[in-house]
2 protein chains.
Amino acid sequence: MPKKDEKSLGITVKKHENFLEWYPEVVVKAELADYSPIKGCMVIRPNAYAIWQKVQEYFNPVLKKHDVKNCYFPLFIPESFFHKEAQHAEGFSPEVAWIGNKEDDEERLAVRPTSETIIADSFSKWLRSWRDLPLKVNQWANVVRWETNQTRLFLRTREFLWQEGHCIYATEEDCVKDVHAFMDEYVALVKELLAIPVVTGMKTKKETFAGAKFSLAMEGLMPDGRALQMGTSHNLGQGFMKAFDVTFVGMDEQKHAPWYNSWGVSTRLVGAVIMTHADDKGMVMPPRVAPIQAVIVPILFEDSKEKVLQACKQMQSELESHHISVHLDDRTEYSPGWKFNEWELKGIPLRIELGPKDLAKGECVIVRRDTGKKNPVKLTNVHDSAKTQLDEMHHDLYMKAKHFLEGNTVEAKSMDELQHHIRERKMVLIPFCGEPQCEEDIKKKTDAGSRCIPFGKKPKDTCIGCGKTATSMTYFAKAY
Amino acid sequence: MPKKDEKSLGITVKKHENFLEWYPEVVVKAELADYSPIKGCMVIRPNAYAIWQKVQEYFNPVLKKHDVKNCYFPLFIPESFFHKEAQHAEGFSPEVAWIGNKEDDEERLAVRPTSETIIADSFSKWLRSWRDLPLKVNQWANVVRWETNQTRLFLRTREFLWQEGHCIYATEEDCVKDVHAFMDEYVALVKELLAIPVVTGMKTKKETFAGAKFSLAMEGLMPDGRALQMGTSHNLGQGFMKAFDVTFVGMDEQKHAPWYNSWGVSTRLVGAVIMTHADDKGMVMPPRVAPIQAVIVPILFEDSKEKVLQACKQMQSELESHHISVHLDDRTEYSPGWKFNEWELKGIPLRIELGPKDLAKGECVIVRRDTGKKNPVKLTNVHDSAKTQLDEMHHDLYMKAKHFLEGNTVEAKSMDELQHHIRERKMVLIPFCGEPQCEEDIKKKTDAGSRCIPFGKKPKDTCIGCGKTATSMTYFAKAY
């Protein structure tokens, strides 16, 4: 038995004692990601990439439903493009990495931090008439933002993977409708696939995407009381369109600029999954994105080995025929206990134990990763039970996270209350004036920033930052 | 009617008269790709990206079958990594783009031209014991090679998309077995999905991947008589492993270096599809990768409009329920003739025409894009007929390309014959000594390079380049 491995296998830090050390330990030990030799970059390992691939498999049909077409734009963007939309240039300049050695080019080339400019340039070539609208594209791509803040695996890395959707419309009404529709799709994605609840709303002026009229965001609340922005959808208005001379001939035979939105989610979602669901034993994979949903661990003794293994193989094919992804861990060089630890660390939702005594009773034991609850199940009923337990686990993970989010969201009526609640690691709803300067002042006093302005909540009282008229109720929290 | 569009819609150059002008015209007008503002880069438009996405959907299950796991490695590679494997550094240095503005880093960062070095670095952290082998990963990624030769859309661009598989094994035997197995999978992919035949074999010493013991390649023959390398699979031996200190403890409790292979196909495959199958009317999509397999064009008259459209919608759902992807072109602002041209240009495999006269007979007309043959089909039989015609079209496209490949592959017994055949745009099999210097001499005399050394063909006579002993029969051709 490889004793040394066994000792180093487990998580040594408790989630609720030292969250900031617990998180990277889970990421690395559960083989979700690894540090890269390049500062701030990461290697996404198969266990985590599988989650991202499931996000792609879920979201590609959603894109199709909205008639958004996948395509691919160049990684490199000419420097001059950034300067065409002034706010955009200002927002992204500090984070851009440039290609250095290509002297034959007339201008510097940026490694894309986002693709509005180069896509607007293509739109200007493709768009002719109202008949071409709406024009909706998406790309799954890597982007680079040279963070100077502390980087964190999945949450803030200098390179990350994302999808970025870019759509143009004949009217602002259609454009804005889809800004909301894609945000709704994101909320459904994180709920249905990742078992994560969020709050949604509009970003404040200070936090609006560089170049947008308004931005929507969905925000999760991590177990350490920090908010995590998990997806955004922007109404870009006509600014980029006018800067890149994108026009169409309308039914009135006049030239018009279209209305533009963009929206994205990234591999940061994987970080949210880990933070939300993993525990002191390691990763907990939400069932619908788990690379393996069930692992069968046979309990082998010399005299019953053949029979037990055969029953395990039969169970494997049965589960697979019911579309449950399953792995039979028939390695003989590891003990069952060692295997239990390994699969718990990796977060496989269900462990199915089958030994000679179980077999004699025509049973196996299914153990749920999140609760540790052991359920004896008749062999004839394994696939039904596994399916039910996977669904229940998804539901329970979501409800647990939802209770946490709701239980840790409060309102504050004064700066004192806000400071208190932020210290208590809450997400706090406050009456707020919406002014960037006031937001900075609140940040200085509380270390919390605005997260989003939820829809349909009328402001009560005056802004607790400056005492002026409140224009909205706004969520504030510390953030990643 | 938009007359101006109509005029500029068609392809103005004949494939067999001016192939090199015909190709980019098809690419741009069929909306497969567009030139980028960055020299040598391209925008992959939805019509072509759909082909690449189909390649991914086909190949991901193949990877799973071979137990290869998807993951993602950083775009940036430290300069020092390139120098660890001397041949590799020499081979790739001229093509590398470097990040220029990040002074806080101790060394320059390369934008990956290929990922052997950074993956070997990760293997060195992950590999411990023989129990971890084989270790097989793959990534779908963008890579950058700063071509100084003329670039061509899809065939040679400074950035392209590919998959790169990287596997390590305990024995050279297992490693080499998979070098061949993955090449076999590529040959099946291009045959079954893209309807393209290839020849396969080993690369000559001169053309072997920088750092490999040997390289396999599959080579297609394009209609202008140039070969196109469409996929490679390399036995990298232990060179990278030793350079990056990748070791495992074997069953003998000793340290060993594993054996390493890598293999890839790229968006160049899309270029091969266009060159091979497109014609003077534009793109021809092989049915299994077509973004839309059938387009329904209703023939509308005022008095029968409703009935015809309803029949078309019914046909659409019926075809979709039989897993045929179908688009109903019910636009009223374009004439049927205009639509026919547009869908022919875009290469949709089947066009289904339905007008009031057809409807009265309970029929429609299915027109195959490649042959233009019109088939009247009973409405009750549409899905069966469409399915059959799609299968036949795939088969016919493949056979046509196969006849072309076979009919244009010849043997030469002397330099004169070789020169003659190359002028005649053939792929030519010759007895060859295998020496890089002789290969350069042949290139000077014929403008043709070696493509690959097919398996199982014994060399006849002496090398026609230098007169020394021939070590193999080798394919030579002009190439992209």
Principal-axis tilt of helix B:305-321 within chain B, Cα atoms, nearest 10 degrees: 30
Principal axis dimensions, the range B:66-124 - Cα atoms, whole angstrom, descending: 41, 25, 20
For A:Ala86, inter-copy label distances in nm, listed shortest first [label point 7 Å out on the Cα-Cβ vector]: 5.8
For A:Asp370, residues with placed amide H under 5 Å, excluding near neighbours: none
R0 of 30 Å, Cβ-Cβ distance B:Asp384-B:Lys65: FRET efficiency to nearest 0.05: 0.45
Under Karplus coefficients 6.51, -1.76 and 1.60, residue-wise ³J(HN,Hα) of the range A:344-352 in Hz, glycine/proline x: 5, 4, 7, x, 4, x, 10, 10, 10
Gyration tensor (alpha-carbon) shape descriptor, the range A:61-169, a/c threshold 1.5: oblate
For the range B:394-424 versus the range A:377-404, the gap between their alpha-carbon centres in whole angstrom: 60
Long-range HN-HN contacts of A:Ser129 with modeled amide H, under 5 Å: A:Val249
Per residue convex hull volume, Cα atoms of the range A:383-480, in Å³: 111
Calculated over the protein assembly as shown: convex hull of Cα atoms, volume per residue (Å³): 193
The range B:415-480, dipole about Cα centre (Lys/Arg Cβ +1, Asp/Glu Cβ -1), debye to the nearest 20: 220
Where rotation carries B onto A, the chain B residue whose Cβ is nearest that axis, in whole Å: B:Gly100, 1
Filtered chymotrypsin sites (Phe, Trp or Tyr not before Pro), the range A:256-317: DSSP coil and at most 16 other beta carbons within 10 Å: A:Phe301
The range A:395-464: chymotrypsin sites (Phe, Trp or Tyr not before Pro) in DSSP loop, at most 13 other beta carbons within 10 Å: A:Phe455
Placed amide H near A:Arg451: partners under 5 Å, 5+ positions off or other chain: A:Tyr475, A:Phe476, A:Ala477
Unit Cα scatterers, Debye sum, the range B:14-277: log10 I(q)/I(0) for q = 0.08, 0.11 Å⁻¹: -0.34, -0.63
Cα centroid separation - the range B:47-111 against the range A:243-307, whole Å: 22
Bridge type composition, the range B:294-389 - antiparallel percent by DSSP, nearest 5: 55
On Cα atoms only, tilt of A:172-192 relative to the major axis of chain A in degrees: 20
Charge-dipole axis of the range A:410-479 as Lys and Arg at +1 and Asp and Glu at -1 on Cβ define it, positive-most pick from A:Val428, A:Cys463, A:Cys438: A:Val428
Loop GluC sites (Glu not before Pro), the range B:206-263, which have at most 13 other Cβ atoms in a 10 Å radius of their Cβ (DSSP): B:Glu253
Square roots of 5 times each gyration tensor eigenvalue, C-alpha, chain A, largest first, Å: 45, 27, 22
C-alpha long axis of helix B:19-29 to longest principal axis of chain B, angle in °: 60
For A:His395, inter-copy label distances in nm, listed shortest first [label point 7 Å out on the Cα-Cβ vector]: 5.0
Student exercise, the range B:14-277 dipole from Lys, Arg, Asp, Glu Cβ charges, in Debye to nearest 20: 540
Globularity ratio of the range A:294-387, using Cα Rg and 2.2 N^0.38 Å: 0.98
Distances in nm from B:Gly10 to the matching label points in the other copies, shortest first (labels 7 Å along Cα to Cβ): 7.8
Label-point separation, A:Glu79 to A:Ser93 (7 Å along Cα→Cβ), nm: 1.2
A:Glu440/A:Arg128 FRET efficiency (R0 60 Å; Cβ-Cβ; nearest 0.05): 0.85
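Rule-based calculations on the coordinates, nothing more; no lab input. Keep in mind it's a predicted model, so treat the numbers as computed, not measured. FYI the Cβ positions are ideal-geometry reconstructions off the backbone, even for glycines, and counts take in every protein chain you see.
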